[in-house]
Amino acid sequence: MGIEKTPVAWLFAGQGSQTVGMGKDLADRYPSAARVFEEANDAIGIDLRALCFDGPQDELDKTANTQPALVAASIAAFRAAEEAGGAPLPEPAVVLGHSLGEFSALVAAGALRLADAVRLVRTRGELMHAADHAGAMAAVIGLDAYVIARALVGTHVVVANDNAPGQVVISGPRAELGRAADDLKKIGAKRVIPLRVSAAFHSPAMQPVAPRLRQAMDVTPFSALRYRLIANVDGRVHEHAREMPALLEKQVWSPVQWVASVKRAHGEGASAFVEFGPGAVLTGLVKRILPDVMTGNVSDESTLRQSLPLLKGVTR
């Protein structure tokens, strides 16, 4: 592709990272980031810019709003990094996103237009919210995924995200989640923390969403992937855009294999990981999985400047 490879994996944030003010500092400084919000606004006809910059938080937390807002904020961070670094950035080893973040990763990899991604995740959020009003999710601290999965056999609660050693998210009916939390504490969980989400994502409750999301994707153009992508559902490298709709369809009700994905990225040569979007949740998880790798994040001007050497491949 004419650009020297660098051992960096690009990461894109998922739901739960949203916060009022996200993207504002970069949009104020970088025209390319400001244009992302304008394009996203036009794509779905709501003022995502105002929602991201000014809130209120309860509106931002509604999943149909959260999903397009996070894609916009994440791609704004990515465009700002390109502008600051002299676009294009050196080719990454791989790209990956956590759940919703896979759509942002596909935009960065050239497989989806921003406007199409924003429309898709707006639909995804609406479908996910409508599918389940009785579900919830919780983070389990201190137990590994295989121990939790074994303990949940015979219940309707499932492992939703294998995020890091000792940090796993479970998902299921709200009425059963409390009992599951008590049972997990009895076998060694240090804490079980309810998450700020509106349904049981990445669980069988989301299966009705999958075919309707696929219908939306089937009329959305996917272009060739410029960079290799590691998918949540299998932790494997994918190089062809034609694979994406099926993977994204399955992802909505399947567990996020984040530990496997990060280890695969490292195996593919990534020795540094840079997260685009608000906060540094994903790089925190990466450090728990691979303590010796370098990490950075791009959420504002300060973090962009700190991470730019990593993005350019200056890792020593």
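Each value in this text was obtained by applying a stated rule to the coordinates, not by laboratory testing. This one's a predicted model, so the numbers in the text were calculated from it and none came from an experiment. All Cβ positions, glycine included, derive from the backbone under ideal geometry; neighbour counts span all protein chains shown.
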Choice from Phe78, Phe12, Phe53 with maximal GNM fluctuation in the chain (Cα, 10 Å cutoff) | Phe53
Mean ellipticity per residue at 222 nm, deg cm²/dmol - from DSSP H runs of n ≥ 4 across the chain, formula -39500 (n - 2.57) | -14000 deg cm²/dmol
Residues Arg49, Arg288, Arg113, sorted so that the one with the fewest Cβ neighbours within 10 Å comes first | Arg288, Arg113, Arg49
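With +1 on each Lys and Arg Cβ and -1 on each Asp and Glu Cβ, how big is the dipole of the chain about its Cα centre, in debye rounded to the nearest 20?
Dipole about the Cα centre, nearest 20: 720 debye.
Going by how many other Cβ atoms sit within 10 Å of their own, how do His238, His98 line up, fewest first? Numbers along the way, then the final one.
Values: His238 16, His98 26.
Exposure proxy ranking, most exposed first: His238, His98.
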Rg from C-alpha atoms of the stretch 162-284, normalised by the globular rule of thumb 2.2 N^0.38 Å, equals 1.22
If Lys and Arg each add +1 and Asp and Glu each add -1, what is the summed charge of the other residues whose beta carbon sits under 11 Å from the beta carbon of Gly16?
-> 0
Is there a pair in Lys24/Lys312; Lys62/Lys263; Lys24/Lys250 whose C-alpha atoms are over 30 Å apart, and which pairs would that be?
-> Lys62/Lys263; Lys24/Lys250
Can you give the FRET efficiency for Ile141 and Arg242, using 1/(1 + (r/R0)^6), R0 = 25 Å, r = Cβ-Cβ distance, to the nearest 0.05?
-> 0.05
Roughly how many Å is it from the Cα centre of the stretch 101-151 to that of the stretch 199-260, as a whole number?
-> 9 Å
Using the Kirkwood radius over Cα pairs of the stretch 89-208, the Stokes-Einstein translational diffusion coefficient at 10 °C and 1.306 mPa s, in µm²/s and rounded to a whole number, is 102 µm²/s
What Kirkwood radius, in Å to one decimal, follows from the Cα pairs of the stretch 1-159?
-> 17.0 Å
Relative contact order for the chain, counting Cα pairs under 8 Å that sit 6 or more residues apart, in percent | 25 percent
For the stretch 135-197, alpha-carbon Rg and Dmax in angstrom = 9.9, 27
Distribution output for the stretch 236-316: share of Cα-Cα pairs per 10 Å bin in percent, first bin at 0, values 16, 40, 35, 9, 0
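Remind me, relative contact order of the stretch 135-197 in percent, using alpha carbon pairs under 8 angstrom and six or more residues apart? The partial results should precede the final answer.
Working: 119 pairs, mean separation 30.2, N = 63.
Once normalised by length, the contact order is 48 percent.
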